[in-house]
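So the structure is just underneath, and the comments pick up after that.
The values are calculated or read from the model by the stated rules, or taken from the named source; none is laboratory data. Fair warning: this is a prediction, and the values are worked out from it, not measured in the lab. Virtual Cβ from ideal backbone geometry, glycine too; neighbours counted across all protein chains shown. Side chains included, ligands, DNA and RNA excluded: accessible areas come from the protein's heavy atoms. Shrake-Rupley method; radii C 1.70, N 1.55, O 1.52, S 1.80 Å.
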Protein chains: 2
Amino acid sequence: MSQYHPVRFVDVRLEGDFWKERLDTVLARTIPSQHKKLGEYGLLDSLKLPNPPPPLRFPRHPNGFTVQVFWDSDVGKWIEAAAYALSHRRDADIEARIEAIVDDFERAQAPDGYLNCWYLGREPEKRWSNLRDNHELYNAGHMLEGAIAYFETTGRRRWLDVMERYVEHIRATFGTGPGQKRGYCGHEEIELALVKLYHLTKDKKHLDLAAYFINERGQQPPHYFDIEREAREKQGWELQRYAQSNYEYSQSHKPVRQQDKVVGHAVRAMYLYTAMADLAVELNDAGLRKACETLWDDVMVTKMYITAGLGPSPHNEGFTYDYDLPNQTAYAETCASVALIFWAQRMLHLDLDGKYADVLETALYNGALAGLSRDGEHYFYMNPLESNGTPNRWDWHTCPCCTMNVSRLVASVGGYFVSTAPDGLAFHLYGGISSTLDVGGTKVAVREVSNYPWSGAVAIAIDPEAPKAFDVKLRVPGWCRSATISVNGQAVEAKVVNGYATIHRTWAKGDSIALDLPMPAERVFAHPAVVMDAGRVALKRGPLVYCIEEADNPGGTVQRFKLPRQSELAVRQRDDLFDGVVTLTAPATAIDEAEWNTLYRTAPPSEAPATLTALPYYLWANRGQGSMLVWIPEA
Amino acid sequence: MSQYHPVRFVDVRLEGDFWKERLDTVLARTIPSQHKKLGEYGLLDSLKLPNPPPPLRFPRHPNGFTVQVFWDSDVGKWIEAAAYALSHRRDADIEARIEAIVDDFERAQAPDGYLNCWYLGREPEKRWSNLRDNHELYNAGHMLEGAIAYFETTGRRRWLDVMERYVEHIRATFGTGPGQKRGYCGHEEIELALVKLYHLTKDKKHLDLAAYFINERGQQPPHYFDIEREAREKQGWELQRYAQSNYEYSQSHKPVRQQDKVVGHAVRAMYLYTAMADLAVELNDAGLRKACETLWDDVMVTKMYITAGLGPSPHNEGFTYDYDLPNQTAYAETCASVALIFWAQRMLHLDLDGKYADVLETALYNGALAGLSRDGEHYFYMNPLESNGTPNRWDWHTCPCCTMNVSRLVASVGGYFVSTAPDGLAFHLYGGISSTLDVGGTKVAVREVSNYPWSGAVAIAIDPEAPKAFDVKLRVPGWCRSATISVNGQAVEAKVVNGYATIHRTWAKGDSIALDLPMPAERVFAHPAVVMDAGRVALKRGPLVYCIEEADNPGGTVQRFKLPRQSELAVRQRDDLFDGVVTLTAPATAIDEAEWNTLYRTAPPSEAPATLTALPYYLWANRGQGSMLVWIPEA
């Protein structure tokens, strides 16, 4: 089969209502407000070497201010998000702010290329002494991604030059050669960034460095983190006990090709697997491909929330054991769902199988998108699937990683819609884009129009500059059981293979495809081993997972409802909610909360008929605090 | 009403099967094995000043050994447990081990009376510099309780003398006088221990010191923990940020008389309230009494598990917000239920109201007793009300506080059965005891015989040395709706007031009471605001909360069951289980776990009729790992 490649995010325009609203919000509100927060909390000042002013005390932690070792990464990630946004609409003010940051990074860089503002400003003698905990290479990765995105949007390469010097320093420092450290980062990220640098420069040395980090990971004995720790102990630098009880936390418990269970910190895991899949593609590495497929199956069959949230536990911000998917205490970090999208996209280009796009889409519309508020200035770090109303969105976080992860995702989402091969186009997502793509040397203008995800009716115009024979592959989502396709008004019988319907023909200007993906409301049940969901049902329509929220169901916590199996789910277009959404309603029963004055009693609660209204999960917690539930008890 | 006083634990013999089995196990297995663990993990060595050998690395934390600042307390608590056990059966071997520990403590004590082996052995210059975190006074409290119990059982006062010298040092160090520190411990405990020392010595200075600690707590500004912290910062001793974001963690956010919400670390809270109630009794302090009553109502109406477990959250080992009672992630530390028993006992002697005894009994038979395995050598620190089979009992813990808390409880449980007043006797618990008590100068032999908690039939023999008129008060548990009483075979009409039926008469040798407490199996429902329990039901019989465990319900996780509201609960005597228990069985439905190969699917699970068997909660996790559930979904 032909090898499909992603298109560049800068080459895709978002035109559909759904994503245009999110993109406009990110452009107008999220990017500027995030810059403001970076300033208020001292992240921008922390770059002003050699004497950064002391940071603010963080208001949620009255007993301690915070300077985080990972702040460079947050600044880098903000620039990346801003750069994606600039590709849609240039903005001199934002660009000036980026340039000011680049000034600071350029000034801060050590003569040998090293560039980490925490170490340079505070403990220069300790650089590269604690890869296990202190995120130096992780920071470098995010800064590099930011520099690449900024260059791709603006053509300005000053920061990219700075980062390429830093990468040369890193290349000289790490490796298997004499005098080099055989280290790798406790928090994966630089590996996938180096692959991006390879894509930009085509210089294979960047791929080689990424492959070094991947292949060295988890080699032992001795374990590199132990070598490091012993060196720190000799220096008297090891003040705190390692908080994690094993190296599964950082997926360094064994070499990556031997890993067959998804373990540890969820975001780290996803960034690692993304880079592994990247390298499997670029190096045609069957071992890495096999490991990726095994790990994918493990997470899909035993460890993923229905929202594509990942990592149930706050203790390790990550994975625990099979089928452990608690709802109210779900960690399900926004970053983990964003990073799952990265991994799924790489898997999709390793093997064009709709199962990867299905998960990409689920994460995009649910686990990731829930992390950003409607107003574009509030966030969730954790994404529980049930709430008693206590958690609420925050406007910033001690660890602000998720804020910029969701803004960079939204600002670059166009890059996930379509891929090209020498002899074809593949549409993965629907929702309204236009682009001009290269198919085997022929420019093909495409425009995909739809009201997705509210409707499954999709129109695609295919306009090659000259008639040309090639495949158009249309993803038929796993949730869709009766897709129909027509070309220029003529029904087409296209068998769905691995989640894609392929139309091969000679395409000419004015050709149009109509794809219809019927989208009934559906009940979904979890494997009985997910004990938290036993006797419960979730509601879905198309790619959207639904929840019941107190705002739509006033009169007590939404946990009062039970939904009979036979209740019909009514699909309602609601123009009064959030600029228009589709809700689901159903006859249900509800416990009466009145007349309880003790915590426990032997008299059963009374129940009454009630109507339940469900809203797409990604929209929850945008109307004040209130209870919420994805998995509804069945009557 | 007459003031009732507890009897001394040494004056009560346990004779009933239920408690005798637990006591024999603690005597024969728990006390010796705990001493062995104290040795293996370095706690005993840590007392060998001036040069304690380095402790073992703790096997669950491969990257760091552990020497805990609270180890003195664990040794003190073991001696206390052992002393209670010795009151039932002297044991020269155990006594020799205690004497060896006393040797070490005596040798370690500083010339000025100070006695904390962590500080004396490691950082003598830092003593009393961090009351917030480092448990010095907490340790002193547990050591003092141990010394008192050991003296009460054996009459040996060498360790008590050591501890009285230490108490004098503490008295000189803390207070409102010139040059004194106005401090108090971040972890309450010494206050209730000082009240015990007062009870033993009748010296009011100990009560005054306890009252000082209680009254000083939470006074501000400035807050004592801030004064301390600033002093440490000046010395460069403050290496770590305070892990807790506020002083509610240690109930020092405001003066105790102003506290009206139960907050923070659950064990700390319970020890504090115990001492507050103690002082309310001893000082006839209406302000403390009011605070205790308000706090009691708060925890009972909004924050207690049905098992009398306390503290849902591992983050602060304590309380969160009203009705937050998650089941699978319940922290519900064994120590907190043990300490609730202490508090409830003090409240009961402040005001002889059965509501306090009801909670004492619930905690005793459920939340606390679940912490000790059937074999007497395994423990739970956390006591979840639901499990998917992952947690299992451990044979020791990094923080072994719960192990000795449950052993000292079982070994002293006789002290909770009965109280005396100048004109009466009050029976709080049933289960088989004998004692000779003093009622207004008359010796009264009592023997209470029953198969409680399996049966509610109780026979009580009252044998005064000479005929005497006095009250016999019999607690009628809150769960009992139709108690009957007879004296010498004649039915007695005794109105139940505040949970006690009072029989006033002239008692003479040979008098006997028959109390019958019918004990049907019952369904219990939680307040709808406890969203975790919505649509669920718990099963109780008498004081016992039941659970369904996989061992009795093989074929998949027990979360597969649903229990119809109308299913009859059958009570079964099962002699084949744990030397005889009563189980409950009921017709139910169960999800079929077969034929699932995906995590989520649209086809509903199939269900089939099934029989569900429930076991008393305190017995769970004694037959290997398996799922468990207290709150069962209703069909």
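Taking the Cα centre of the protein assembly as shown as the origin and placing charges on Cβ (Lys, Arg +1; Asp, Glu -1), which of A:LEU348, B:LEU131, A:VAL75 is farthest toward the positive end of the dipole?
Result: B:LEU131, furthest along the dipole toward the positive end.
Per residue of B:515-528, how many C-beta atoms from partner chains lie within 10 Å of its own C-beta, taken as a mean?
3
Taking B:GLU230 in one copy and the same position in all the others, each labelled 7 Å out along Cα→Cβ, what are the pairwise distances from the first, in nm, shortest first?
4.6
State, to one decimal in nm, how far the label point of A:ARG157 lies from the label point of B:THR398, with both points 7 Å from Cα in the Cβ direction.
Going by the 7 Å Cα→Cβ label model, 5.0 nm.
Given axes a ≥ b ≥ c from the Cα gyration tensor, I'd like to know whether the stretch B:237-356 is rounded (a/c under 1.5), prolate (a/b larger than b/c) or oblate.
It is oblate, given that a/c is not under 1.5 and a/b is not larger than b/c.
Any aspartates and glutamates with Cα under 17 Å of the B:LYS562 Cα? List them, leaving off those in the same chain fewer than 8 positions away.
A:ASP533, A:GLU634, B:GLU386, B:GLU522, B:ASP533, B:GLU549, B:GLU550, B:ASP552, B:ASP592, B:GLU593, B:GLU607, B:GLU634
Please go through the residue pairs B:LYS205/B:LYS261; A:LYS48/A:LYS77; A:LYS355/A:LYS473; B:LYS126/B:LYS234; A:LYS355/A:LYS468; A:LYS126/A:LYS254 and name each one whose alpha carbons sit more than 23 Å apart in this structure.
Going by Cα-Cα distance, B:LYS205/B:LYS261; A:LYS355/A:LYS468; A:LYS126/A:LYS254 fall outside the 23 Å limit.
Take the alpha carbon gyration tensor of chain B, find the square roots of its eigenvalues, order them as a ≥ b ≥ c, and report rounded if a/c is under 1.5; if not, report prolate when a/b exceeds b/c, else oblate.
oblate
Can you tell me how much longer the chain between A:ARG623 and A:SER512 gets when fully stretched, taken as 0.36 nm per residue apart minus their C-alpha distance, in nm with one decimal?
Contour length minus Cα-Cα distance gives 35.9 nm.
How long are the semi-axes of the equivalent ellipsoid of the stretch A:471-511, defined as square roots of 5 times the Cα gyration tensor eigenvalues? Whole Å, largest first.
20, 11, 8
Each residue of the stretch B:427-432 in turn: what ³J(HN,Hα) in whole Hz from Karplus with 6.51, -1.76, 1.60 and θ = phi - 60°, glycine and Pro shown as x?
Couplings: 9, 9, 10, 10, x, x Hz.
Quantify how much of the Cα-Cα distance distribution of the stretch B:120-215 extends past 21 Å, in percent.
In whole percent, the long-distance tail amounts to 30.
Would you mind estimating how fast the protein assembly as shown diffuses translationally, via Stokes-Einstein at 4 °C and 1.567 mPa s with the Kirkwood radius over Cα pairs, in µm²/s?
Once the numbers are plugged in, D ends up at 39 µm²/s.
Using a label point 7 angstrom from Cα along Cα-to-C-beta, what distances in nm, from shortest up, separate B:ALA570 from the other copies?
4.6
Quick check on packing: order B:497-509, B:225-237 by the mean number of other C-beta atoms within 10 Å, highest mean leading.
B:497-509, B:225-237
Whole-Hz ³J(HN,Hα) for each residue in the stretch B:474-487, computed from phi via Karplus 6.51 cos²θ - 1.76 cosθ + 1.60 with θ = phi - 60°, x for glycine and proline: what do you get?
With the stated coefficients, the stretch B:474-487 comes to 10, 5, 9, x, x, 7, 9, 10, 8, 6, 10, 9, 9, 10 Hz.
Hey, can you grab everything whose amide H is under 5 Å from the amide H of A:LEU612? Only 5+ residues off in sequence or another chain; H modelled, so Pro and N-termini drop out.
A:ALA586, A:ALA588
Just name one of B:LEU47, B:VAL338, B:THR173: the one whose Cα is farthest towards the positive end of the charge dipole of chain B (beta-carbon charges, Lys/Arg +1, Asp/Glu -1).
Farthest along the dipole direction, towards plus: B:THR173.
Compute the Rg/Rh shape ratio of the stretch A:439-542: radius of gyration over Kirkwood radius, all on alpha-carbon atoms.
My calculation puts Rg/Rh at 1.12.
Taking only protein heavy atoms and a 1.4 Å probe, what accessible area per residue, in Å², does the protein assembly as shown have with all protein chains in place?
On a per-residue basis, 34 Å².
Order the peptides B:595-605, B:546-556, A:213-223, A:377-387 from the highest to the lowest mean number of other Cβ atoms within 10 Å of their residues.
Ranked from most to least packed, the peptides come out as A:377-387, B:546-556, A:213-223, B:595-605.
Measuring nothing but label to label, 7 Å from Cα along Cα→Cβ, what are B:ALA491's distances to the other copies in nm, shortest first?
The projected label point of B:ALA491 is separated from its counterparts by 8.3 nm.
From other protein chains only, count the Cβ atoms within 10 Å of every residue's Cβ in A:534-542, then give the mean.
The mean count of partner-chain Cβ atoms within 10 Å per residue comes to 4.
Under a 5 Å amide H to amide H cut-off, with H placed in plane at 1.01 Å, what residues pair with B:ALA469 once short-range neighbours are removed?
Amide H neighbours of B:ALA469: B:TRP507.
Relative to the present Cα-Cα distance, how much length would full extension add between B:GLU607 and B:PHE578 at 0.36 nm per residue of separation?
Additional length available on full extension: 7.3 nm.
Determine how many Å³ per residue the convex hull of the Cα atoms of the stretch B:328-381 encloses.
With only Cα atoms used, the stretch B:328-381 gives 81 Å³ per residue.
Using 0.36 nm times the number of residues separating B:ARG505 and B:ALA457, minus their current alpha carbon distance, what extension gain do you get?
Gain on stretching B:ARG505 to B:ALA457: 15.1 nm.
Using each residue's phi in the stretch A:199-206, evaluate 6.51 cos²θ - 1.76 cosθ + 1.60 at θ = phi - 60° and report the 3J(HN,Hα) Karplus result to the nearest Hz, with x for Gly and Pro.
Couplings: 4, 6, 9, 6, 8, 5, 4, 6 Hz.
Could you work out how far apart the two model spin labels at A:ASN597 and A:LYS254 are, taking each label as a point 7 Å from the Cα in the direction of the beta carbon, and quote it in nm?
With each label point 7 Å from Cα toward Cβ, the separation is 6.2 nm.
Scan around A:HIS5 for amide H atoms under 5 Å from its own, H built in the peptide plane at 1.01 Å from N, and keep only partners 5 or more places away or cross-chain.
For A:HIS5, whose amide H was placed from the backbone, the distant partners under 5 Å are A:THR420, A:ALA421.
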